[in-house]
1. Which of the helices (runs of 4 or more DSSP H) found entirely inside region 118-202 contain at least 2 residues meeting this: modelled with pLDDT of 80 or more and either open to solvent by less than 70 Å² (accessible area, probe 1.4 Å) or polar (S, T, N, Q) (or both)?
2. What are the pairs, 6+ residues apart or on separate chains, where a residue within region 109-123 that is under 20 Å from Ser32 (Cβ atoms) has its Cβ under 7 Å from a residue that is at pLDDT 90 or above and open to solvent by 10 Å² or more (accessible area, probe 1.4 Å)?
3. If I ask for residues that are farther than 19 Å from Val93 by Cα, surrounded by fewer than 19 Cβ atoms within 10 Å (Cβ to Cβ), in contact with a helix residue (DSSP H, G or I) (Cβ under 7 Å, 6 or more places away or on another chain) and of a type outside the set (Ser, Thr, Tyr), which ones from region 10-50 would you list?
4. I need the helices (runs of 4 or more DSSP H) fully contained in region 1-110, keeping only those with at least 2 residues that are modelled with pLDDT of 75 or more and within 30 Å of Met165 (Cβ to Cβ).
Amino acid sequence: MFNLIRKDIVLQKKTLAASFLVLCVYLMLDISPIWVGVVFSIVISMYAFSIDEKSSIHILLNSLPYTRKEIVSSKYIVVVLLTSMVAAAILIVHFIIHRKFTIWKDILLMVAIVMTAASFMLPFCYKFKSNYLLIASIVAFGLYMLTVNFVVQNLNDQIREFVDMLLALHNTSLYLIVAISIITLYGCSWLLSIRIYRNKVF
């Protein structure tokens, strides 16, 4: 399985280099590192998934000495690795530009959002295809814009206030509960994806 993980990282090296440069630009513009990290982590992770989406590639992978469980598991591990790499890049670049480290709560929130999103996106992609996920994302963004413009016009402010409230909390027990919940959700998603992929015919 190590070779499967290595394959995804190696295939992404040009994308990762370009993403790192764009990440630097966004952080210089003083945009919230949380949302920059979330967007970059999800986009890079989904790109790694889309590379292997052709049926011919899946036929090749299944002809190699890897079980379907290992093929799926490698993707879930890659998501964690890529998210960790983005988090580390944000810490380093933010320190170089602003001479201060990003608050650890910001990084934890970023990772929590990415892991939660991936928990829903990966089984969806295994069941259908990532281009359907793109369509669903566009529709969701359209609905969000309609909501912001016509229904709840201060929705962005409410989301910002909610995030600020989460970051201001000092309840260690709550953080632990949230962390366990997200890990459990990710684990359940992992098992669901294995089950979906195991029943797929290529």
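1. Passing ranges, in order: 172-198.
2. Pairs that qualify, where the first residue is under 20 Å from Ser32 (Cβ atoms) and the partner is at pLDDT 90 or above and open to solvent by 10 Å² or more (accessible area, probe 1.4 Å), are Ala112/Ile182; Met115/Ile182; Met115/Tyr186; Thr116/Ile182; Thr116/Leu185.
3. Leu11
4. Per the criteria, 13-28, 33-51, 68-98.
The values are calculated or read from the model by the stated rules, or taken from the named source; none is laboratory data. Just so we're clear, the structure is a prediction, and the values are computed from it rather than from any experiment. For neighbour counting, all protein chains shown are included, and Cβ atoms are generated from backbone atoms with ideal geometry for every residue, glycine included. When the accessible area is computed, the model is the full protein with side chains, heavy atoms only, and any ligands, DNA or RNA have been set aside. Shrake-Rupley method; radii C 1.70, N 1.55, O 1.52, S 1.80 Å.
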